[in-house]
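Asks: Provided herewith is a single structure, encoded as structure tokens, for subsequent inquiry.
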Amino acid sequence: MNVLHVNNKTSNISCQRHERLEGYLDQDANLLVLIIDTNPIVWKKSSFPLKEALRHILVFINAHLALKHDNDVAIIASHVGVSKFLYPIPTHENSDKTIFPNMYQKFRVIDEKVIANMSALFEDVDTPNNYPDKASSMVAGALSMALCYINRITKADEIGHVKSRILIISVSPDSPYQYISIMNCIFSAQKLCIPIDVCKVYGGDTPVFLQQASHITGGKYLKLDMPQGLLQFLMIAFLPDRYNKKYLCLPGEERVDFGAACFCHKKIIDVGYVCSVCLSSILNLICSMFGVYKT
């Protein structure tokens, strides 16, 4: 636990130095990569349906784009057994060029593409049925795609004025099967100084891995007591960019659960053993991979 605290403080200091060296200004463009948990099984249990939540999220996306003319957004669906881009998606089809005078054209394009691609995602029923852990979504895959997309945009930015961040709209519980992949993504985001914000919309259990992600990368974790106010919480807590967040006192969780997942049994544990060879946390005394005793 102490190691994580030290690493987090060191990362925050290095990120602050990195921002000062780059001249992080209020005029910088902001790239928001939004990961939406679209697990249909969990959303069906919630009193706040996904269709209504998507309306709130689209309004929030439009507000983000309206803050600055060069703001951009990427949207990824974290589904059961698969992660897919909802926007942007390269297409060779001729899009509808109809102009609505009462709506900004980019708002309309994003809204229509997100709704259409999400509908196509729910039409695929074979992938979720073949996935063993149906209670969780592919957060690790979505985080990997988000980091790869941010890396591509950052390398293409010759001026270096694109500042990126990740926001996860979560409803599913933790999946111990994805523990190693998620932690690899978290430490990659920490090294790149990319904050990961998490908005927990539904679910009684606190997602340990996502809470650690926001804490380690310097983001915000917020669990909603009233999901019907999703838009209000998004506007207040997650709309300000990285520059303006330094001057705001935003809500968030102060206590962080640093639980890990057992490599053998795929269960979240508070007390366990660490293999001296592979450094994995295991519940039993003997490592299943190397056959050595833990220390």
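Asks: Suppose we filter segment 146-175 for residues that are more than 25 Å from M235 (Cα to Cα) and under 12 Å from the mean Cα position of the chain (by Cα); how many remain?
Replies: 0
Asks: Restricting to segment 54-81, give me the number of residues that are open to solvent by 30 Å² or more (accessible area, probe 1.4 Å) and within 13 Å of M118 (Cβ to Cβ).
Replies: So the answer is 1.
Asks: Within segment 130-168, track down each residue that is modelled with pLDDT of 95 or more and among the hydroxyl-bearing types (S, T, Y).
Replies: Hits for segment 130-168 are S144, Y149.
Asks: Moving on to the next point. Tell me, please, whether a residue that is among the hydroxyl-bearing types (S, T, Y), at pLDDT 90 or above, outside any strand (DSSP E or B) and surrounded by fewer than 18 Cβ atoms within 10 Å (Cβ to Cβ) can be found in segment 88-101.
Replies: No, segment 88-101 contains no residue that is among the hydroxyl-bearing types (S, T, Y), at pLDDT 90 or above, outside any strand (DSSP E or B) and surrounded by fewer than 18 Cβ atoms within 10 Å (Cβ to Cβ).
Asks: Counting just the residues of segment 25-41 that are surrounded by fewer than 22 Cβ atoms within 10 Å (Cβ to Cβ) and among the acidic types (D, E), which one comes out farthest from Y131 (Cα to Cα)?
Replies: Among them, the one singled out is D26.
Asks: Here are some conditions: (1) surrounded by fewer than 17 Cβ atoms within 10 Å (Cβ to Cβ); (2) closer than 17 Å to I216 by Cβ; (3) touching a residue at least 60 places away in the same chain (Cβ under 8 Å); (4) not aliphatic (A, V, I, L, M). G160 meets all but one. Which one does it not meet?
Replies: Answer for G160: the failing condition is (2).
Asks: What pairs come up if the first residue lies in segment 103-118 and is in contact (Cβ under 8 Å) with a residue 12 or more places away in the chain and in a helix (DSSP H, G or I), the second is open to solvent by 30 Å² or more (accessible area, probe 1.4 Å) and of a type in the set (A, V, I, L, M), and their beta carbons are under 8 Å apart, counting only those six or more places apart or on different chains?
Replies: K113/I89; N117/I89
Asks: Could you grab me the full set of residues in segment 205-243 that are open to solvent by less than 10 Å² (accessible area, probe 1.4 Å), modelled with pLDDT under 90 and aromatic (F, W, Y)?
Replies: Result: F209, single match.
Asks: When K44 is evaluated against the numbered criteria (1) of a type outside the set (V, I, T); (2) outside any loop (DSSP other than H, G, I, E, B); (3) open to solvent by less than 30 Å² (accessible area, probe 1.4 Å), which criterion, by number, is the only one it fails?
Replies: (3)
The values are calculated or read from the model by the stated rules, or taken from the named source; none is laboratory data. Just so it is clear, the model here is predicted, and its values are computed rather than measured. So basically every Cβ, Gly included, is an ideal-geometry build from the backbone, and we count neighbours across all protein chains shown. These area figures cover heavy atoms from the full protein model, side chains too; ligands, DNA and RNA do not enter into them. Shrake-Rupley method; radii C 1.70, N 1.55, O 1.52, S 1.80 Å.
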